[in-house]
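Let me begin by presenting the structure, written as structure tokens, before commenting on it.
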């Protein structure tokens, strides 16, 4: 069968770093092999660096990004807990759904799509929430919110409240400083700025959230107490088998993180910044209008309005079939009026920015 | 970094089929790319063949085997439902835990480890259970149970009762006939006889179980209604995005299933049978005693007692470090008195059987 290759410039997955692909195809190890456990430990240590945390419980969960959202709520919310969710896009909406399933009394704080989270409005929504949740980089709108300001304010008011941050589209592309920002529960995905195929959810839990965790959540697979006994070792010191870890995906993440840290986080962030800036400038030069509010735009994921009279799906189809380039449509009410163009991980490069601009110039 | 390669003859993961490794490393596609959706559809169709089912909802779930167990109970059990679980090993015990978390009134039917499920005792345990669950191939003991006899008997008594089968270590190695056996909910893993890295849980749901499904289970990630709208299409016909599918793992499963079906299921089963028989005969010739009850032994996973006076861990360590061969220890009370040797998927070959026998002969 002939293989098809694409330039993946949608909202994710992005094209993996070559090291990540090599890691996927490396000889498989058993999940209890000492050599694999070394790779796993090193992966967790590398994840601590990109998360900006010293949290002992920093690990890759065995599912795609959304499993991180599920694990965060499942292990922190008890029926009746008040959970304030900042909603400024699809993933905030999803948090409302997930928190509700675990019995939370959810207080959604709705924002206009394309705008960042308004910290004061979120604080004012409830005087004493158990948990406050927000999305750092909204994949549906291309907007960055100030999690540091939110986390600091929440903890200043109540040292026991928990702060949850969705970092699916930020980790490895822009700075995340979980400890400094007061993030108690954070999750991400591998298929965006980390430059790995989808299949793992890098996750971190603060000591505060760990102490307050639900002891026997409905979900066995995502029971952090049981997972922690395998990944970080149990109270007795040894590792206890929980579920078979996705060893190939973890080897791939290990390799990609090695590449990222060798390049240096600051250099990686600068690469994302420069590529995003070139793309956004170029789109405006093409006469297009950016969607996300100025000053809050993600470099790694650009949203742009489909020009009046242009068929969004037709343009995306032509880019895919004639140029092998995938870009994304919009979400919800913006499905056919917004495009989402990602320059993430290995694709955060000037040549990718020029390529998609050139192709758009031809197609429009 | 030097790569380590192993001969994986434990209870899984096993060494992948070469086609599976090539599939993992193939150029990555987006989860909404028409080309990927074609691969996904074909993967589901191939899974129907190995499951022996026409179930429309037959798909790979985005996690390792245990996520299949979680999804099966989460989508079928309501608080207070009576669930009878046949327990003849670790994975039966785990079902008791998982079903209990979703609020089931669980009736465990305990068996001696190493023995198959006693269908009559399971039937007698409760007159009208909502669901009856059993493990087809117990990974912890190497025992095969007769799911066909159980399923038929359960449905003869109550056409509405559901039958759940754990096929993690059977699918792709021995016959599974979900429709003929009356299996309503079945799950497996990719890292055993299917010869793929761990990371997906092949899953199937009968029309009966689908009609009785829980409409808004606590778990969003494993909500079959939402997943079905992406994988099989929604009522309206289109596909609705749920979570980002693990595209590389699915491409790998697709490739491995292609290899298996090209070889032919009967030939694959015969290969597993012959390799297992050779191993079991050889172990007895070495003076060792098989653990699982005669007549109910799995060809793909052999359990054998550690000889009196032999240090189980030391032998496994020598096999790993001197021969690069991984075999498994026992589980629970048998941790240091039983070994588990798998000849699964790509490893279901006479040369692997001879290799591990020769190495054991040297080490013992």
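Relative protection proxy for B:284-297, B:27-40, from highest mean packing down: B:27-40, B:284-297 (other beta-carbon atoms within 10 angstrom). Counting Cβ atoms of other protein chains within 10 Å of each Cβ in B:197-210 and taking the mean gives 3. Relative contact order of segment A:18-261, taken over Cα pairs closer than 8 Å and 6 or more residues apart, is 29 percent. Taking a ≥ b ≥ c as the square roots of the eigenvalues of the Cα gyration tensor, chain B is classed as oblate, since a/c reaches at least 1.5 and a/b does not exceed b/c. Between residue B:322 and residue B:97, the simple label model (points 7 Å from Cα in the Cβ direction) yields a spacing of 3.5 nm. Roughly how many whole Å is it from the C-alpha centroid of segment B:181-208 to that of segment B:1-80? Measuring centre to centre over Cα atoms gives 8 Å.
When you work out D = kT/(6 pi eta Rh) for the protein assembly as shown at 20 °C and 1.002 mPa s, using the Kirkwood radius from C-alpha pairs as Rh and the Stokes-Einstein form, the result is 82 µm²/s.
Neighbour counting of Cβ atoms within 10 Å sorts the residues B:364, B:320, A:253, A:131, fewest neighbours leading, into B:364, B:320, A:131, A:253. When the Gaussian network model of chain B links Cα atoms closer than 10 Å, the mean-square fluctuations of B:142, B:238, B:172 top out at B:238. Between residue B:308 and residue B:336, full extension at 0.36 nm per residue minus the direct alpha carbon distance yields a gain of 9.0 nm.
The ranking of B:344, B:69 from fewest to most other beta carbons within 10 Å of each one's beta carbon is B:69, B:344. Per residue of A:63-70, other chain Cβ atoms within 10 Å of the residue Cβ number 6 on average.
Inter-chain neighbour count for A:219-232: the average number of beta-carbon atoms from partner chains within 10 Å of each residue's beta-carbon is 3. Once the C-beta distance of residue A:363 and residue B:215 is scaled by a Förster radius of 41 Å, the resulting FRET efficiency is 0.45 to the nearest 0.05.
Sorting B:95, A:249 by the number of Cβ atoms found within 10 Å of their own Cβ, with the fewest placed first, yields B:95, A:249. Run the helix sum for the protein assembly as shown: -39,500 (n - 2.57) per DSSP H stretch of 4+ residues, divided by residue count, reported at 222 nm to the nearest 500 deg cm²/dmol. Mean residue ellipticity at 222 nm (helix-derived): -12000 deg cm²/dmol. Spatial offset of segment B:248-290 relative to segment A:126-168 amounts to 50 Å, using the alpha carbon center of each.
Read the figures in this text as sums done on the coordinates, not as results from a lab. Please read all numbers here as calculations on a predicted model, not as lab measurements. Using ideal geometry, Cβ is built from the backbone for each residue, glycine included, and neighbour counts are taken over all protein chains shown.
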